[in-house]
Every structure is written in C-alpha cells, then in structure tokens.
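Student: There's a structure below that I have some questions on.
The values are calculated or read from the model by the stated rules, or taken from the named source; none is laboratory data. Quick caveat: nothing in here was measured; it's all calculated off a predicted structure. Note: ideal-geometry Cβ built from the backbone for every residue, glycine included; neighbour counts use all protein chains shown. These area figures cover heavy atoms from the full protein model, side chains too; ligands, DNA and RNA do not enter into them. Shrake-Rupley method; radii C 1.70, N 1.55, O 1.52, S 1.80 Å.
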Amino acid sequence: MSVHKKSEIKKITTHQLQEMKNRGEKIAMLTAYDYSMARIIDGAGIDVVLVGDSASNVMAGNETTLPITLDQMIYHASSVVKAVKRALVVVDIPFGYYQGSSGEALRSSIRIMKESGAHAVKLEGGSEVKDSVLRILSAGVPVMGHLGLTPQSIYKFGTYTVRAREKEEAKRLIDDALLLQECGCFGIVLEKIPAELGREVSSQLRIPTIGIGAGPDTDGQVLVMQDMLGITKEFKPRFLRRYADLNSAITTAVNNYVVDVKAKKFPGEEEKY
Ligand code: KIV
C-alpha cells in the first residue's frame, strides 16, 4: 500500500497553470461542491476544481445562481478543500457579495479564503469589477475572471443564449479580458461565446483562458460535473459532452435495492452480524 503524505503530492498552483499555457498543455477544470465527489475528481487528475455558484442550481435546485449565499458557498468550499490533495481550488463569490463595493468584495474573499481554505476566488464581469479585482489582489488573494455568459446577470440579459456574436460586444469582451489580465487575474473563464472569439481572446492573452462553450482553442475547458456525468438529464446545451450516464446507473441501482428490500432479499446471510 502506498501512503502519500499530503505534502508529497505536487500541488497545482496558479503559476503552474501559466506554465501549462506557455507549453501548450490544456487545463482540465470541473466543478465540485462536496467532499466525496471532489475526492474522486482530484484523484482522477483534474487540474482545477471550481466550487461554482452553479451549486445553487445543481445542489439546491434553484432556477438561477442568484439565491446562493456566501455562507452556503463557504460550506461547499470547505468540504471540497478537505478532499483535494492536488488540484487548485477556486471558489465563486456569489451574487450580492461583491457588487456593492470593493471593500465588500475584499471582505467576502477573505471570508472564503479564511473559512474554507480555498486557493483563489472567481467573480463575474469586466471593467465594472475592476476596483474589486484590484482590492482582492492587493490582499494576496488570486482572482479568476469570468466573461461572456455571466449567469449572475441573467435578469439583465433575459436569456442563456450565446454572447458576443455582434462585433461591438466581442470587442468589449476582448477589452475586458485584457483589462482583467492587466489587473493581475491569473485566468479567465469564457462562457458560451463563438469559438472564433474564444480563439482570438486566448491568443491575445498571456494568461490562461478556460472555456465552457467557447470552442476548442481556449487554454482549458470547464464543465459542471453533474452535467458531464449525466446526472442532470434535461440540460442539453450543444457544448456539453456527457462522459457517463449516472442518472440511469443510479436509477437502476436504487430500483434493484428497492426490489431486494421489498422481497426480503437484503440483507442476506453474509450481510448480517
Ligand atoms: O458556477 C459555475 O459552475 C461556473 C462555471 C459554469 C464556469 O461558473
């Protein structure tokens, strides 16, 4: 049996993500919100675990990401951090905990870092969050940006369709990406934009881009774990590739369990004390 001490495992840092971009190695990122799943995906070699505010949809059953609270994000993040030995853990600052002022953004980030033990925070937006990004970075907290489809602004846009198809919005997105880089962000998530724009932004930026529905030329990819494992069934955007059908696997397993219990076939002789 090989026993690794936590310190023996080479941890992924923001610097290593930069080196991965420099040498053309793609970055693999997935969401996780709990200890058990985070442990599996970290052991399977994921580079970055995102404790996304998509927990609001996937874990809490809300229609949008808006209702999740900072306390709830910290609860999810601290469970994930306990499981992760190698990956970089990034946590979303939820809606309503950074838009008010840069001071609020800093306080929220410090709570996330202190109370969960995570390694970085992520927030949505471009020039409008510049002061917050700078203030968080000034406290030594690494920041990841998020441009394109920004689900916290869903009521402003009114739809989850592809963003920045028009020239003007595409130009604004490139300017925002360059600004976030200049501020000192270590990476940027690009969500649901044309592949051509994903390629353009990734080639103009020095820092890594991580795409979700942004084409094959971003420096890495991210998916919501429950979507790529086929746990969620109804969500079928074009960008989503399902790597498993856990919904069917779980349904079959639970059906079999129910049948066994009803038929008094579980527990059996060898399963009792
Ligand atoms: O909250 C989330 O899961 C995200 C990803 C979709 C990038 O922000």
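Student: Output the direction-averaged projected area (hull surface divided by four) of the convex hull of the alpha-carbon atoms of region 40-167, in nm².
Tutor: If you wrap the Cα atoms of region 40-167 in a convex hull and average its projections, you get 8.5 nm².
Student: Here is a follow-up. Any idea of Phe235's accessible area? Nearest 10 Å², probe 1.4 Å.
Tutor: 100
Student: Something else now. Only Cα pairs under 8 Å and at least 6 apart count here; give the relative contact order of region 1-91 as a rounded whole percent.
Tutor: Relative contact order of region 1-91: 36 percent.
Student: How much of the calculated P(r) for the chain lies past 33 Å, in percent of all Cα pairs? Could the numbers behind the result be given before it?
Tutor: Details: 8315 of 37128 pairs.
Tail of P(r) above 33 Å: 22 percent of Cα pairs.
Student: Something else about it: How high is the FRET efficiency between Leu179 and Asp245 when r is their beta carbon distance and R₀ equals 41 Å, given to the nearest 0.05?
Tutor: 0.50
Student: Also: Cβ under 13 Å from His76's Cβ, His76 left aside: what net charge do those residues give with Lys, Arg +1 and Asp, Glu -1?
Tutor: Spelling it out: positives minus negatives among the neighbours equals -4.
Student: Given a cut-off of 24 Å, name the pairs among Lys156/Lys233; Lys85/Lys114; Lys114/Lys233; Lys21/Lys85; Lys167/Lys192 whose C-alpha atoms lie farther apart than that in the structure shown. Mind dumping the intermediate values first?
Tutor: Working: Lys156/Lys233 27 Å; Lys85/Lys114 18 Å; Lys114/Lys233 36 Å; Lys21/Lys85 22 Å; Lys167/Lys192 16 Å.
Cα-Cα > 24 Å for Lys156/Lys233; Lys114/Lys233; rest within.
Student: Let me ask something else about it. May I ask you to compute the full-extension gain from Lys130 to Ala195, defined as 0.36 nm times their residue separation minus their alpha-carbon distance, rounded to one decimal in nm?
Tutor: Going from the current span to full extension adds 20.8 nm.
Student: Compute the accessible area per residue over the chain, keeping the other protein chains in place, probe 1.4 Å, unit Å².
Tutor: 53
Student: Obtain the nm distance between the two label points defined at Glu270 and Asn62 by a simple spin-label model: each point lies 7 Å from its Cα along the Cα-to-C-beta direction.
Tutor: Those two pseudo-labels are separated by 4.7 nm.
Student: I'd like to compare 17-29, 124-136, 217-229: which one has the highest average count of other Cβ atoms within 10 Å, and what's the full order after that?
Tutor: Highest-to-lowest ranking by the protection proxy: 217-229, 124-136, 17-29.
Student: Using the Kirkwood radius over C-alpha pairs as Rh, can you work out the diffusion coefficient of region 1-99 via Stokes-Einstein at 20 °C, viscosity 1.002 mPa s, in µm² per second?
Tutor: Value of D from the Cα-based Kirkwood radius: 149 µm²/s.
Student: Sorted by packing (mean other beta-carbon atoms within 10 Å per residue), highest first, where do 39-51, 142-154 land? If you can, show how the numbers build up before the last one.
Tutor: Numbers: 39-51: 20.1, 142-154: 22.5.
Taking the mean over residues of other Cβ atoms within 10 Å, the ranking is 142-154, 39-51.
Student: Within the set of other residues whose C-beta is less than 15 Å from the C-beta of Gly52, count the net charge using Lys and Arg as +1 and Asp and Glu as -1.
Tutor: It works out to a net charge of -4.
Student: Which whole number of Å³ per residue matches the convex hull of the alpha-carbon atoms in region 223-268? Each step should come with its number before you reach the end.
Tutor: Numbers: hull volume 3.1 nm³, N = 46.
Spread over its residues, the Cα hull of region 223-268 gives 68 Å³ apiece.
Student: Another question, then. Where in region 103-125 is the amide nitrogen less than 16 Å from a point lying 7 Å along the Cα-to-Cβ axis of Thr13?
Tutor: 119-120
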